[in-house]
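Data block below; observations after.
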Amino acid sequence: MKIAVIGGDGTGPEVAAEGLKALAAAAKKVGFKYDTREFDITGERYLRSGGDPTKASISVIGDDEIAQLKTFDAIYLGAVGHPKIAPGILEKGVLLRLRFELDQYINLRPVRLYPNVECPLKGKTVSDIDFVVVRENTEGIYTGMGGVQYKGTPQEVSTQINCTTRFGAERAIRYAFEFCRRRNNPRKRLTLVHKTNVLTFAGDTWFRAFHEVGREYPEIEKDYNHVDACCMWFIKNPEHYDVIVTDNIFGDIITDLAAMIQGGLGVAAGGNINPKGVSMYEPMGGSAPKYAGQNVINPLAAIGAMGMLLRETGHNSGDAKLIDAGERVERAIIATTPKMASQAAGKMGFGTREIGDRVAAAIAAG
Ligand code: IPM
Ligand code: MN
């Protein structure tokens, strides 16, 4: 297996290093070979190359790098974000560009409360918070369609088009039904989250696609929530959810809320997936520049992202060893959280590297 590693800025390289430790331990345990190659795709390089920190003046990733990344089996990303660079430049230049160019049309976000991780919801335990959000990742308001007219005048008008295609909704929905079918959870319920009462065009496209595709999955319960109600239920009864499928912006918002109920950004991992192409896995937290280089940041989200990378790459390529390796990484995280004092940076009771060592040791022992 060939993995491209983009450590990125801030704490990104530190947490990615711990994920790579878990990879090494899992490869040894299960018995598979892999290669990694580091790509210097960073805000640091953008500035060094003369990039304007206030607006995108040069590309953050070269076209040659995009072409090279397409030849890997998966991409492992540490963090995107630089305190000296205006918001949007790196997000658009790295994350969104890769999602679109590699057609990573699924954003997969498992939401799982690990043992001993503090949950802000009173009375909720590990069995109550265990669901997965399948977010459509290439359409909706993320396409950049729209524009501004009469800018800077009192008559200024801007539009940001919610580009929804049957093709895009359907492939996300189909992926979600398949994911629900293979997920080891007796609930077998897929919830569509949208806003059909107001977004009567886009919502209707999603709703009909959901029920039409759903006929092929009679064993899965079809459920629907408006996005605002979904936010309420995340807090009131998260145990209702098994798998959720939703559009790009709704998925963006509800997965940050979900990250909080699973114990924060220290543990939340995600994947930008093209099931037949090159997918990219990442911890959900940012580059946390104030913690960089201090061995205090929580690497579990990055380690979890490596577990996902192994499991999902294994699933998409039919490689049982990789699936096994991914599950072992996940189990090693579950063996590690009970010993931690907290999931917050600097309060874990261990350093970044020590947590990585513990997970690697648990993989070796498991
Ligand atoms: C995410 C992030 C991105 C998004 C940003 C950084 C462009 O918030 O991965 O959820 O909005 O998708
Ligand atoms: Mn987001």
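Please treat every number below as a calculation from the coordinates, not as lab data. Model, not experiment: these values are computed from the prediction. We place every Cβ from the backbone using ideal geometry, glycine too, and count neighbours over all the protein chains shown.
Values for this structure:
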quantity	calculated
Listed residues Phe210, Val157, His194: farthest to the positive end of the dipole of segment 119-262 (Cβ charges)	Phe210
Whole-angstrom gap from segment 176-242 to segment 292-320, using each part's C-alpha centre	26
Gain upon complete extension [Asp204, Arg166; 0.36 nm per residue less C-alpha separation]	12.7 nm
Relative contact order for the chain, counting Cα pairs under 8 Å that sit 6 or more residues apart, in percent	25
Neighbourhood charge, 13 Å Cβ-Cβ cut-off, centred on Arg99 and excluding it, Lys, Arg +1 and Asp, Glu -1	-4
Cα coordinate range in the chain, projected on the principal axes (Å, largest first)	58, 55, 40
Candidates Arg331, Arg37, Arg353, ranked by Gaussian network fluctuation over the chain, Cα under 10 Å, top entry	Arg37
Residues of segment 225-265 with amide N under 14 Å of a point placed 7 Å along Cα→Cβ from Asn197	225-233
Spin-label model distance (nm) - Asn185 vs Trp233, 7 Å beyond Cα toward Cβ	1.2
Given charges at beta-carbon only (K, R positive; D, E negative), |dipole| of the chain in Debye	620
Size-normalised alpha-carbon gyration radius of segment 1-141, reference 2.2 N^0.38 Å	1.23
Tyr281, Tyr76 arranged by Cβ crowding within 10 Å, fewest neighbours leading	Tyr76, Tyr281
Pairs of alpha carbons in segment 1-67 whose separation is greater than 19 Å (percent)	45
Percent antiparallel among DSSP beta bridges (both partners in the chain, rounded to 5)	40
